[in-house]
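The values are calculated or read from the model by the stated rules, or taken from the named source; none is laboratory data. In this text, all values refer to a predicted model and were calculated from it rather than measured experimentally. FYI the Cβ positions are ideal-geometry reconstructions off the backbone, even for glycines, and counts take in every protein chain you see.
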Ligand code: SF4
Ligand code: SF4
């Protein structure tokens with residue numbers, strides 16, 4: 001779990017975009033841990049959300065993840 | 001097995017939860033409404049009030065007047081929020097573009113859905129709607145409320161929001177329109193701890209499941225739509241609140257093919273009640289309809305004189321599969337040919353009823369137009385039993401999700417994925433055989449291709465033996 005959280009953070013810090021889809025995050029993590037299952041990655045991402053490290057961005061129709069404080073403020077520009 | 005709630009149901013007593021007095025709730029007269037003007041010029045919106053249909057503009061003006069007369073210390077969101085919303089909308093009409101920014105971060109701690117961040121890009125001009133977030137509240141199955149619940153939520157939303165709501169959004173939720181970021185957590189606390197009420201889905205989540213009134217009131221219901229909706233809502237909490245899907249995913253539950261929640265048109269997975277035995281016929285009641293003793297359609301079309309009931313013309317001749325006949329005064333149905341369209345049952349409900357071996361058909365892939373145009377669901381499982389604990393249904397759902405989450409692109413609905421990958425590919429993942437019911441029209445979508453392993457003997461054939469039977 002801790003390893004997956006770290007892999008998610010690495011992906012989030014290095015991703016070109018400040019918001020990204022779950023699927024892209026999943027692929028990013030699986031580059032490091034090819035055996036990581038979607039459910040485990042989701043659990044790790046949820047833990048990061050609950051810790052306030054990751055945030056959700058939603059348009060209402062679809063949802064993306066982002067790193068708190070990186071490139072996004074609460075109010076989109 | 002009857003329905004059992006997973007937890008004790010809470011009764012909401014308005015006397016204990018109310019925020020406003022009766023005088024405050026009814027605080028303006030119709031005369032005042034006639035002379036009331038909102039603070040912005042809204043000529044196009046005024047236009048929308050004309051004509052025969054109810055208008056949201058008329059409702060919004062009532063709310064604006066109501067708020068202008070409420071005590072200021074009994075509203076935590078600006079009193080003129082509705083007026084600013086109308087003003088900005090008028091400007092959007094003038095400019096031909098929206099002045100809402102696209103999306104936002106706001107949410108309830110730990111929830112990835114249920115709150116949709118909305119911000120105005122004209123906050124200087126319309127300060128009260130600088131934040132104007134939407135909350136989706138998970139409606140109870142089949143939308144059964146009591147007045148205590150409705151009044152409580154109205155008071156709560158007047159106090160901590162704009163007072164404007166949309167009952168219900170097309171997914172089924174109660175949609176609360178317009179509040180500020182600071183009020184989100186307090187509203188969520190009130191909803192969950194006081195009203196025992198959860199938020200619904202939004203974004204790339206399982207959306208709030210929605211059910212027809214089902215067995216609660218409707219004799220046609222072939223399974224307990226509310227129980228299934230309730231069970232899946234509870235079972236898939238993680239999918240509802242923590243988005244990890246490629247895009248939205250909707251469940252809808254219709255108790256019979258009449259489709260009162262239009263599951264076939266509006267859900268990625270439609271659960272439609274059906275039966276696999278024979279339509280039950282009460283021949284005496286058939287005779288009574290013919291004799292004019294019972295009104296056809298339960299009297300639904302009685303507003304005009306259509307003449308006497310003609311079973312040949314109104315029932316037998318309209319059966320889409322022509323599987324009904326009258327022989328010697330007896331109505332006969334060739335049940336294997338019946339497509340369960342419900343027409344005959346709707347016309348003569350006292351004479352005809354669905355069979356007793358009931359369950360569901362599952363259809364997949366309906367969606368609104370964004371890519372490839374609007375699409376109805378395609379029949380995938382012709383019949384499945386639908387009884388607690390619904391493990392067979394959950395197993396099916398999870399197989400579908402696994403495939404979609406693996407193969408689906410970002411923002412690709414299940415129906416689009418099935419189109420892209422083909423229906424046979426989808427059926428293979430599910431381990432289901434193709435069935436004639438999946439063909440929309442014979443010879444128009446011949447999408448089943450045989451694979452070598454499906455054909456006895458494979459592609460190899462004895463060419464000598466063939467030539468002996470077939471000369472060149
Ligand atoms: S869909 Fe069928 S069972 Fe459900 S309310 Fe409509 S008629 Fe009744
Ligand atoms: S339900 Fe529809 S298809 Fe079946 S017998 Fe009645 S009219 Fe015909």
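Residues in the stretch A:44-72 that are crowded, with 16+ Cβ neighbours inside 10 Å and more than 9 Å from chain B (Cβ to nearest Cβ): A:44, A:47, A:48, A:53, A:54, A:67.
The requirement of being farther than 25 Å from residue A:59 by Cα, assigned to a loop (DSSP other than H, G, I, E, B) and more than 16 Å from ligand 2 (Cβ to nearest atom) is satisfied by residue B:294. A single member of B:372, B:398, B:402, B:416 is within 22 Å of the chain's Cα centre (by Cα), assigned to a helix (DSSP H, G or I) and surrounded by fewer than 17 Cβ atoms within 10 Å (Cβ to Cβ), and it is B:398.
Taking the stated definitions as given, is residue B:96 without any contact (Cβ under 8 Å) to a residue 40 or more places away in the chain, on the phi > 0 side of the Ramachandran plot and more than 14 Å from every other protein chain (Cβ to nearest Cβ)? Show your work before the answer.
Values: without any contact (Cβ under 8 Å) to a residue 40 or more places away in the chain: yes; on the phi > 0 side of the Ramachandran plot: yes; more than 14 Å from every other protein chain (Cβ to nearest Cβ): yes.
Spelling it out, residue B:96 is indeed without any contact (Cβ under 8 Å) to a residue 40 or more places away in the chain, on the phi > 0 side of the Ramachandran plot and more than 14 Å from every other protein chain (Cβ to nearest Cβ).
Checked against the criteria, residue B:321 counts as more than 20 Å from residue B:289 (Cα to Cα), within 15 Å of ligand 2 (Cβ to nearest atom) and either away from every other protein chain (no Cβ under 14 Å) or crowded, with 18+ Cβ neighbours inside 10 Å (or both). Among the residues here, residue B:254 qualifies as within 16 Å of ligand 1 (Cβ to nearest atom) and either in contact with a helix residue (DSSP H, G or I) (Cβ under 6 Å, 6 or more places away or on another chain) or within 14 Å of another protein chain (Cβ to nearest Cβ) (or both). Is there a residue in the stretch B:335-343 that is more than 16 Å from ligand 1 (Cβ to nearest atom) and within 26 Å of the chain's Cα centre (by Cα)? Looking through the stretch B:335-343, none of the residues is more than 16 Å from ligand 1 (Cβ to nearest atom) and within 26 Å of the chain's Cα centre (by Cα). Taking helices (runs of 4 or more DSSP H) as the structural unit, those lying wholly within the stretch B:79-196 and holding at least 3 residues that are under 30 Å from residue B:260 (Cα atoms) correspond to B:147-160. Listed conditions (1) within 15 Å of ligand 1 (Cβ to nearest atom); (2) in contact with a helix residue (DSSP H, G or I) (Cβ under 8 Å, 6 or more places away or on another chain) are all met by residue B:266, apart from (2).
Looking only at the stretch B:135-147, residues that are surrounded by fewer than 23 Cβ atoms within 10 Å (Cβ to Cβ) and within 24 Å of residue B:108 (Cβ to Cβ) come to 4 in all. Just so you know, in the stretch B:350-365 the residues that are buried (at least 17 other Cβ atoms within 10 Å of the Cβ) and in a loop (DSSP other than H, G, I, E, B) include one that is farthest from ligand 2 (Cβ to nearest atom), and it is B:365.
Taking the criterion of being surrounded by fewer than 21 Cβ atoms within 10 Å (Cβ to Cβ) and without any contact (Cβ under 8 Å) to a residue 40 or more places away in the chain, the residues of the stretch B:149-164 that qualify are B:150, B:154. Scanning the stretch A:15-30 for residues that are at pLDDT below 90 and over 11 Å from residue A:66 (Cα atoms) yields a single hit, A:16. When we screen B:47, B:24 for residues that are surrounded by 15 or more Cβ atoms within 10 Å (Cβ to Cβ) and on the phi < 0 side of the Ramachandran plot, the only hit is B:24.
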